[in-house]
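The values are calculated or read from the model by the stated rules, or taken from the named source; none is laboratory data. Just so we're clear, the structure is a prediction, and the values are computed from it rather than from any experiment. With ideal geometry, Cβ positions are generated from the backbone for all residues, glycine too; neighbour counts draw on all protein chains shown.
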Ligand code: NAD
Ligand code: WQD
C-alpha cells in the first residue's frame, strides 16, 4: 500500500516508516517539523535501504499544501501521527493544542475525503481511559475524564472520527490507543529526541545516565501500588511500529471502525524501570522522591488480547530490550539529532 504518514519525522512515525518499508509498503511523509528534524528521515532512509523518504514540509492545517500532496500521489491509507503531545504544555496553551490537533485533523480528513482516500489509522492514547475503571484495561473499558487538554484532543478526535465513519461507511477508521512507548531502533540511529527538559520518564532517565541531568525526580511514592510509585505499561517503540503495519489489515478487511490497545499487558513501576535500566546498562541512576505530579494516576496497563486475536500482533520486546535500546540511542546521540 502507499501510505500518507503525517508526523512521520517524529518519534513513533520514524520507527513506523521502517516497519512499513520492511513489509513492502511505500510512504509519503507530511510533517511541519515543529517537534522533529529532517535528520530523522535521512536516517530512516538509511535504515530502510532507500535513497530518500518522500517528504513534504507541510502543516496539516494548510489545506492548499495538503491538497497539492494528495494531487501528486495516490494513497491507500493515512497513518496520522501529527499532533502536539506535551501534557503540561497543553495545560498552559489549550488553544494551541485544540487548534493544532483538532483543526489539523479536521482539515486532513476533509482533504482526504475530497481525494477519495477514506482509510485512516489514528494515534490515540491510553490517556482516553482517564483513571481507568478496570485494570488491566480492555477496549471495552469506558473512556474517562482526561485531566488535560492534550488528552481531551485525543478523546474528542476519537469521537469525531467515529461520527464521520458512522455518517459515511466508506471510511475505515482504526483507533490505536498507545500505552507508554519507550526504547528506540536497535541500531541506535533513531530514537526519541525531546526538546528541553523531558516530560516523560524514560528520556529523563537516559539524560541522567548520559550526564545531562543530575538526578531523576520520582513523582510520588505514596500511590496504592506495590512500591508506592506509578505503574505503567511501557512498550518498545518498534513493537508499537509493527502494530501499525498489522493495523493495515483491519483497513484491508474494511473494518469500519476498530479500536485496539497497543501495550504489553505488563505493569512496571517507576522504580522498577529505574532498576531495569540500571541492570540493562550497568549505570546507576540517582533519584529522589518528589511530590506527586498533578493529573497523574496510580496504575495504567493494558489487556492487549484484542490486537493479538484480531491482528495477530503481540509485543515482542521486554523491559530489558526497551532499556538497552533507549540507552543505545542516547549514548550514541547525546544531543539527539542536533549532534
Ligand atoms: P512527536 O512529537 O515525536 O511526533 C509528532 C510529529 O508531528 C512531529 O514530527 C511534529 O513535528 C509533527 N506535527 C505536529 N503538529 C503538526 C502539524 N500541525 N502539521 C504537521 N506536522 C505536525 O510525537 P510521537 O511521540 O511520535 O507521537 C506521535 C503521535 O502519537 C502523536 O499524535 C501523539 O499524541 C501520539 N501518542 C504519543 C504517545 C507517546 O508517549 N509518545 C503516547 C500516545 C499517543
Ligand atoms: C510515567 C510515570 C510519572 C517523569 C504520558 C501521557 C500519556 C502518553 C504517554 C501521549 C508516572 C513518573 C515521570 C519523571 C517520574 N502520551 N515520572 N519522573 O504520564 O504515564 O503518560 O506519556 O499520549 O498521554 O500522559 O508517562 O513517562 O510522563 O510518566 O516519576 O521525571 O513516571 O509520575 O508515574 P505518563 P510519563
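Here residue 253 passes the criteria (1) surrounded by 23 or more Cβ atoms within 10 Å (Cβ to Cβ); (2) without any contact (Cβ under 8 Å) to a residue 24 or more places away in the chain except the one numbered (1).
Scanning the stretch 54-84 for residues that are in contact (Cβ under 8 Å) with a residue 40 or more places away in the chain and in contact with a strand residue (DSSP E or B) (Cβ under 6 Å, 6 or more places away or on another chain) yields 55, 60, 69, 73, 75, 76, 77, 78, 79, 80, 81, 82.
Among 225, 229, which is the only one that is buried (at least 20 other Cβ atoms within 10 Å of the Cβ), part of a loop (DSSP other than H, G, I, E, B), modelled with pLDDT of 95 or more and away from ligand 1 (no atom under 16 Å from the Cβ)?
Details: 225 fails: buried (at least 20 other Cβ atoms within 10 Å of the Cβ).
That would be 229, the only listed residue that is buried (at least 20 other Cβ atoms within 10 Å of the Cβ), part of a loop (DSSP other than H, G, I, E, B), modelled with pLDDT of 95 or more and away from ligand 1 (no atom under 16 Å from the Cβ).
Selection of the stretch 2-21 for residues being within 16 Å of ligand 2 (Cβ to nearest atom) and either assigned to a strand (DSSP E or B) or surrounded by fewer than 24 Cβ atoms within 10 Å (Cβ to Cβ) (or both) yields 6, 12.
Out of the residues in the stretch 269-284 that are surrounded by 18 or more Cβ atoms within 10 Å (Cβ to Cβ) and touching a helix residue (DSSP H, G or I) at 6+ places or on another chain (Cβ under 8 Å), which is nearest to residue 128 (Cα to Cα)? If you could, list the steps in order and put the result at the bottom.
Of the residues in the stretch 269-284, the ones surrounded by 18 or more Cβ atoms within 10 Å (Cβ to Cβ) are 269-274, 276-277, 280-281.
Still in the running and touching a helix residue (DSSP H, G or I) at 6+ places or on another chain (Cβ under 8 Å): 270, 272-274, 276-277, 280-281.
Numbers: 270: 21, 272: 25, 273: 23, 274: 26, 276: 28, 277: 28, 280: 32, 281: 33 Å.
Here the residue is 270.
Please verify whether the stretch 48-71 includes one or more residues that are under 25 Å from residue 187 (Cα atoms) and either near ligand 1 (Cβ under 8 Å from one of its atoms) or in a helix (DSSP H, G or I) (or both). Yes, that holds for at least one residue.
Can you say whether residue 89 is away from ligand 2 (no atom under 12 Å from the Cβ) and either surrounded by fewer than 21 Cβ atoms within 10 Å (Cβ to Cβ) or outside any loop (DSSP other than H, G, I, E, B) (or both), as far as the supplied structure shows? Before you say what the answer is, go through the steps one by one.
Details: away from ligand 2 (no atom under 12 Å from the Cβ): no; either surrounded by fewer than 21 Cβ atoms within 10 Å (Cβ to Cβ) or outside any loop (DSSP other than H, G, I, E, B) (or both): yes.
So residue 89 does not fit the description; no.
Out of everything in the stretch 209-237 that is touching a strand residue (DSSP E or B) at 6+ places or on another chain (Cβ under 7 Å) and near ligand 2 (Cβ under 8 Å from one of its atoms), what residue ends up being nearest to residue 313 (Cα to Cα)? The selected residue is 232. For the criterion of being without any contact (Cβ under 8 Å) to a residue 12 or more places away in the chain and in a loop (DSSP other than H, G, I, E, B), residue 284 passes. Looking at the stretch 22-32, is at least one residue assigned to a loop (DSSP other than H, G, I, E, B), at pLDDT 95 or above, within 14 Å of ligand 1 (Cβ to nearest atom) and closer than 22 Å to residue 71 by Cα? The answer is yes; a qualifying residue exists. For the stretch 296-317, what are the residues that are surrounded by fewer than 14 Cβ atoms within 10 Å (Cβ to Cβ) and in contact (Cβ under 8 Å) with a residue 40 or more places away in the chain? Of everything in the stretch 296-317, those that are surrounded by fewer than 14 Cβ atoms within 10 Å (Cβ to Cβ) and in contact (Cβ under 8 Å) with a residue 40 or more places away in the chain turn out to be 312, 316.
So how many residues does the stretch 287-339 have that are part of a helix (DSSP H, G or I) and at pLDDT 95 or above?
Total satisfying the criteria: 23.
Listed here are the residues, each with its yes/no results for (1) closer than 20 Å to residue 195 by Cβ; (2) under 16 Å from the mean Cα position of the chain (by Cα).
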| residue | (1), (2) |
| --- | --- |
| 69 | no, no |
| 75 | no, no |
| 79 | no, yes |
| 92 | yes, no |
| 98 | no, no |
| 102 | no, no |
| 106 | no, no |
| 111 | no, no |
| 121 | no, yes |
